[in-house]
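Read through the structure below, which is laid out as structure tokens, and then see the notes.
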Amino acid sequence: MVRDALAFGGAVRTDIQFVDGFRGTQEIRTNPPAVASVTYAHPFQVHFPNGRFFAVGTYKGAAVAGCSAQMAGRWSAYTGGVKANGDYFCTTEKVDAFGVGAKPSLRLAHAACGAQGGWGAYLDGERVSCRAAWATTTAISVGVALETAAPAGTIPADRNIDVIHRELEFHSAYLDVWAPMAPNARRVDPRYVVEVPGPRRVRSFLGVLD
């Protein structure tokens, strides 16, 4: 998800190239009450040059750039990213789809859709999006995170959201093999915690407050 102000915690793998697939599961651990103008998200992304990316994940809260508000109920599913022309997009794919303890599988893959090939997003084995207009066939990094997003001019308070990503693997188009994500970098705002207990697992959560 993209908003004007973010608090986040996550992990990325940046020393890779020629990635044409990324897969794993996402365990939702919390379901906080919605707060006006705030959006929570658990993104699962592949990244391209020049700041472009494609994501599938879960969110709840305020509306953002094409994704409708989901202020009550459970977590909804979305796809989003930054296109080749620099424009951000977001689409709500499933409403109130997942509650606490749900473990949906996620996958992003090139050559999965479109007459000329493109990037497809899969949720529990179902293709929920096809972006045939992407200008690149491979990604240069992959990442998972949690985010708390708020409008410009505000400081988004850290919220009690907790997510575990498991079975994380990327596919090398060059070698034609699946390999563990094995994150080599963490991106964490104050008070969020990111743990990497193994090469295929990342847990992001809010630590104990004073």
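The values are calculated or read from the model by the stated rules, or taken from the named source; none is laboratory data. Because the structure is a prediction, the values reported are computed rather than measured. Here the Cβ positions follow ideal geometry from the backbone for every residue, glycine too, while neighbour counts run over all protein chains shown. The area values use the complete protein model at the heavy-atom level, side chains included, leaving out ligands, DNA and RNA. Shrake-Rupley method; radii C 1.70, N 1.55, O 1.52, S 1.80 Å.
Of the conditions (1) open to solvent by less than 40 Å² (accessible area, probe 1.4 Å); (2) part of a strand (DSSP E or B), residue 107 satisfies every one except a single condition; which number is it?
Failing condition for residue 107: (1).
Within segment 18-35, is even one residue aliphatic (A, V, I, L, M), modelled with pLDDT of 95 or more and over 18 Å from residue 147 (Cα atoms)? Let's see the steps before the verdict.
Looking only at segment 18-35, we keep the residues that are aliphatic (A, V, I, L, M), and these are 19, 28, 34-35.
Still in the running and modelled with pLDDT of 95 or more: 19, 28.
Add one more test, that the residue is over 18 Å from residue 147 (Cα atoms), and what stays is 19.
Yes, the conditions are met somewhere in segment 18-35.
Condition first: more than 20 Å from residue 151 (Cα to Cα) and either free of Cβ contacts under 8 Å to residues at least 12 places away in the same chain or open to solvent by 10 Å² or more (accessible area, probe 1.4 Å) (or both). Now tell me which residues in segment 36-85 satisfy that.
Scanning segment 36-85 gives 45, 47, 49, 50, 51, 52, 53, 73, 74, 83, 84, 85.
From the list 145, 182, 84, 132, which residue is in contact with a Gly (Cβ under 6 Å, 6 or more places away or on another chain) and under 18 Å from residue 45 (Cβ atoms)? Give the derivation first.
Values: 182 fails: in contact with a Gly (Cβ under 6 Å, 6 or more places away or on another chain); 84 fails: in contact with a Gly (Cβ under 6 Å, 6 or more places away or on another chain); 132 fails: under 18 Å from residue 45 (Cβ atoms).
One residue alone meets the criteria, 145.
Of all the residues that make up segment 148-201, how many are within 28 Å of residue 20 (Cβ to Cβ), outside any strand (DSSP E or B) and hydrophobic (A, V, I, L, M, F, W, C)?
Within segment 148-201, residues that are within 28 Å of residue 20 (Cβ to Cβ), outside any strand (DSSP E or B) and hydrophobic (A, V, I, L, M, F, W, C) number 4.
For the subset of segment 18-35 comprising residues that are among the hydrophobic types (A, V, I, L, M, F, W, C) and touching a Leu at 6+ places or on another chain (Cβ under 9 Å), which member is least open to solvent (accessible area, probe 1.4 Å)? Lay out the reasoning, then the answer.
Step one: filter segment 18-35 for residues among the hydrophobic types (A, V, I, L, M, F, W, C), giving 18-19, 22, 28, 34-35.
Filter again for touching a Leu at 6+ places or on another chain (Cβ under 9 Å), leaving 18, 22.
On the way: 18: 103, 22: 0 Å².
Filtering first and then ranking leaves 22.
Kindly evaluate residue 101 against the criterion of being at pLDDT 95 or above, within 25 Å of residue 187 (Cα to Cα) and not in a strand (DSSP E or B). Break it down into steps so the answer makes sense when it comes.
Details: at pLDDT 95 or above: yes; within 25 Å of residue 187 (Cα to Cα): yes; not in a strand (DSSP E or B): yes.
Criteria met by residue 101.
If you go through segment 68-96 one residue at a time, how many are hydrophobic (A, V, I, L, M, F, W, C) and in contact with an Asp or Glu (Cβ under 9 Å, 6 or more places away or on another chain)?
First pass over segment 68-96, keeping only residues hydrophobic (A, V, I, L, M, F, W, C): 69, 71-72, 75, 77, 82, 84, 89-90, 95.
Now drop any that are not in contact with an Asp or Glu (Cβ under 9 Å, 6 or more places away or on another chain), which leaves 72, 75, 77.
Selection size over segment 68-96: 3.
In segment 1-17, how many residues are open to solvent by 60 Å² or more (accessible area, probe 1.4 Å), modelled with pLDDT under 95 and part of a loop (DSSP other than H, G, I, E, B)? Let's see the steps before the verdict.
Step one: list which residues in segment 1-17 are open to solvent by 60 Å² or more (accessible area, probe 1.4 Å), which gives 4, 6, 8, 14-15, 17.
Still in the list and also modelled with pLDDT under 95: 4, 6, 8, 17.
In the following step, the residues that additionally are part of a loop (DSSP other than H, G, I, E, B) were identified as 4, 17.
Total satisfying the criteria: 2.
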